[in-house]
Number of protein chains: 2
Amino acid sequence: MNPPIPLRRRVRTSAVTLKDVAERAGVAPITVSRAINSPDSVSPSLRALIDVAVAELGYVPNRFAGALASAESRIIPVIVPSLSNAVFIEVIEGIQAILEAEGYQLLLGNTQYDLERETALVSTLLGWSPAGIIVAGLRHAERTRALLRGCGRPVVEIMELGTRPIDMNVGLSHSRAGTMMGEHLIARGYRRIGFVGGWLDGDYRAMQRFRGLDRALAAAGLERRPPFTFAGGSSPEIGGDQLLAVMAQAPELDALFFANDDLAVGALLRAAHAGIAVPGRIAIAGFNGLGISALTRPSLTTIVSPRCLIGETAARKLLARVAGTSSGPDRVDVGCHLAIREST
Amino acid sequence: MNPPIPLRRRVRTSAVTLKDVAERAGVAPITVSRAINSPDSVSPSLRALIDVAVAELGYVPNRFAGALASAESRIIPVIVPSLSNAVFIEVIEGIQAILEAEGYQLLLGNTQYDLERETALVSTLLGWSPAGIIVAGLRHAERTRALLRGCGRPVVEIMELGTRPIDMNVGLSHSRAGTMMGEHLIARGYRRIGFVGGWLDGDYRAMQRFRGLDRALAAAGLERRPPFTFAGGSSPEIGGDQLLAVMAQAPELDALFFANDDLAVGALLRAAHAGIAVPGRIAIAGFNGLGISALTRPSLTTIVSPRCLIGETAARKLLARVAGTSSGPDRVDVGCHLAIREST
DNA sequence: CTGAAAGCGCTTACAG
DNA sequence: CTGAAAGCGCTTACAG
């Protein structure tokens, strides 16, 4: 007699399954599941048996089966506009530190400052049944907003602070940061102050910093100028080029507020090369408070944003919501502070 | 009569399922599945119907169900030792650019230069049935190696190049890079050359660069010194501190090769502050070729590694393996080149 | 505290 | 080219 031939053969996802462990331990699969997910609901004696079986077999739970059955996964997508900017890296590190300790996995999405890509990413990432989602910014396509509103999962919008977040919101006011820097420059005696940033349509948080500066200039009765913009991203190289370009175009300026430290540090380095005295001929300021900003010569006046804290706070609030515990108000202003240094 | 009461109510993972689309389009669910995953296997007329239904209902496939059924997911974990180092960010960007275009998701793991954390990460991440896995470095715990060998999925080890990779290997020879820099410094006339790097037990690629330098010194019959090490990571701040510390300890040195550009740039900035002439009093060199290295004053001599290319190549080779197509040899040397600038 | 049954939403393996 | 059935490996919802 031939043994019965199985009609269907399937690929096995994992070598060892819950069933294998259950057989080894002499219990039902569901008991193994409980021993792993809520140990307290299983008697100590069975739990011990099961723990041994798990260890002996080297059992690793299949995340897909678990997620499919429970309709929730320990995945948390984090959507940022860029990785080139060190700011988002630090936010991501802050998030990861918290998530990993709780057994959650971070799924990285990069929109490259493109709101349509953001929609596509959100749509795809929701297919992973995430426990929640963290997304940079408050500005989204209508469809993105609808997806996030309708997904029934906690959402944290980070970096900036607004009045109508989708759900939770952790960040700082970029226009207030701009005003803060404007007031500093004015107090220092600068009177012809310009703003330099690339591609402000995409990086609208930089645009808000410009608006904040503009408000300070208006309040002081000083001349207001449109921002000096250019196509492209932010790097020290570009910052250096822009310093020279802007000074050629508007030689009357006595201070420049760059959209971020990457640009401002480049401007400082280029000024040194070109023999432009900072702040004697022109003052230079940045935004972010990257480590390097304190080390240049002259050191850079900038606004320090608590990136790591943003990430940690966002992750904590998300996990608290998932767990059903309270984590205080849904809107957290992490603030920022002015670091006054030699360049202004 | 009451309608029959369903005995079990379950959470629905996604609002719209394959079945919903199938009903709307008047076909079987499997046909919808085919229309989405291998459109060519469905007749154009049905495909059109299905496309409409998908769009109308806003269907997003449940990744977990798909992964569970097929025992493969479009997930590719990438395990790096650090995110603070810009080098790994650029590698990750390179990987992501390729993966995203093919509909794969990157799952980020950060070992923080801890091989036990690496083992735990690999174990967890394999629970996601990844299509393959990319991991930085060739040095792993025995258990990590066993997990990767036994997982039956393509593995790419990146950054450095070795003779016994687990599977595929994309990187460069760090000892050769060290030798290259050593030969450059010797050719420039420097004779008392030191190496500075933090925590070389963990960052053993930096250690390999030291060994390469040491080999060049030996070949030239010059005095060899143990590396100047310290506890802690790499940042411009630390680089500046170390410059002063090493010069106090070994004032006879006429050139310093720093383990990376983060340290070296900090050393250059600190030298400027402290009035130490570079390269007159002491030459300074780095490794990586970060953008900022070309902008300091003096600009930094360094070795440029093709980070983005490493990421792209690793991702391409992994996907080729998944697809069963060829992508050339399993071991790719991406090389590196010396950028000779003002600091040496 | 423990378990048998049903089901999560897909894809595989056949069959036509 | 299309489909009915079975199954992927878990968890939920009951029942005891």
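The values are calculated or read from the model by the stated rules, or taken from the named source; none is laboratory data. Treat the numbers as computed from the prediction; the structure is a model and nothing was measured. All Cβ positions, even for glycine, are placed from backbone atoms using ideal geometry, and neighbour counts span all protein chains on display. Accessible surface areas use protein heavy atoms only, side chains included; no ligands, DNA or RNA. Shrake-Rupley method; radii C 1.70, N 1.55, O 1.52, S 1.80 Å.
Results, tabulated for the structure shown:
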| quantity | calculated |
| --- | --- |
| Rounded to whole Å, sorted largest first: equivalent-ellipsoid semi-axes of segment B:18-61, Cα gyration tensor | 14, 10, 10 |
| Estimated D of segment A:129-265 in µm² per second, where Rh is the Kirkwood radius over Cα pairs and Stokes-Einstein applies at 25 °C, 0.890 mPa s | 150 |
| Dipole in debye (nearest 20) - the protein assembly as shown, about Cα centre, beta carbon charges: Lys, Arg +1; Asp, Glu -1 | 1040 |
| Area buried, chain B against chain A - accessible surface, total, 1.4 angstrom probe, square angstrom | 4600 |
| 7 Å along Cα→Cβ, label-point gaps from A:Ala245 to other copies, nm, shortest first | 4.2 |
| Per principal axis, descending, Cα span of segment B:212-322 in whole Å | 55, 34, 26 |
| For segment B:160-228, projected area of the alpha-carbon convex hull averaged over all directions, nm² | 5.1 |
| Furthest towards positive pole of dipole, A:Ala86, A:Gly103, A:Gly127, structure part segment A:86-140, Cβ charges | A:Gly127 |
| Average projected area [Cα convex hull, segment B:231-277], square nanometres | 3.1 |
| Shape category assigned to the protein assembly as shown from the gyration tensor of Cα positions, a/c cut at 1.5 | oblate |
| For segment A:311-344 versus segment B:325-340, the gap between their alpha-carbon centres in whole angstrom | 42 |
| Solvent-accessible area, 1.4 Å probe, carbon plus sulfur percent, for chain A | 52 |
| Residues of segment B:18-61: accessible area per residue with a 1.4 Å probe, Å² | 58 |
| Positive minus negative residues near A:Arg74 (Lys, Arg vs Asp, Glu; Cβ under 13 Å) | -1 |
| Distance in nm between pseudo-label sites at A:Ala55 and A:Phe230 (7 Å out along the Cβ direction from Cα) | 6.2 |
| Net charge dipole size for segment B:174-304 [Lys, Arg +1 and Asp, Glu -1 on Cβ; Debye, nearest 20] | 360 |
| Estimated inter-spin distance, B:Glu142 and A:Arg281, nm [label 7 Å along Cα→Cβ] | 6.5 |
| Local electrostatic count at B:Arg191 - Lys and Arg +1, Asp and Glu -1, tallied over other residues with Cβ under 11 Å | -1 |
| Ratio Rg/Rh, restricted to segment A:280-344 and using Cα atoms, in which Rh is the Kirkwood radius | 1.22 |
| Test item: Cα-centred dipole of chain A, Lys/Arg +1 and Asp/Glu -1 on Cβ, debye | 560 |
| All Cα pairs of segment B:46-154, percent lying beyond 23 Å | 39 |
| Other-copy label distances relative to A:Leu46, 7 angstrom Cα-Cβ extension, nm | 4.6 |
| Gain in span if fully extended, B:Ser38 to B:Arg188, counting 0.36 nm per residue against the direct Cα distance | 48.0 nm |
| Nearest-first distances (nm) between copies at B:Ala141, label 7 Å from Cα via Cβ | 4.3 |
| Straight-distance crosslink candidates among aspartates and glutamates, where the alpha carbon sits under 16 Å from A:Lys19 and sequence neighbours closer than 8 are dropped | A:Asp51, A:Glu56 |
| Spatially proximal aspartates and glutamates relative to A:Lys317 (Cα-Cα < 12 Å; intrachain offsets below 8 disregarded) | A:Glu157, A:Asp167, A:Asp330 |
| In Hz, Karplus ³J(HN,Hα) per residue of segment B:329-344 (6.51, -1.76, 1.60; θ = phi - 60°; x = Gly, Pro) | x, 6, 10, 10, 8, 7, x, 6, 9, 7, 10, 8, 10, 7, 7, 10 |
| Nitroxide proxy distance, nm - points 7 Å out along Cα→Cβ at B:Ala339 and B:His273 | 2.3 |
| Net +/- balance of residues flanking B:Ala28 in space, Cβ distance below 15 Å, scoring K and R +1, D and E -1 | +2 |
| Orientation-averaged projected area, Cα convex hull of segment B:117-164 (nm²) | 3.2 |
| Positive-end residue of A:Ala271, B:Leu256, A:Ser33, charge dipole of the protein assembly as shown with Cβ unit charges | A:Ser33 |
| Zero-based 20 Å bins, Cα pair distances in chain A, whole percents | 27, 43, 21, 9, 1 |
| Nearest-to-axis residue of chain B, judged by beta-carbon position, where the axis maps B onto A, in Å | B:Phe64, 2 |
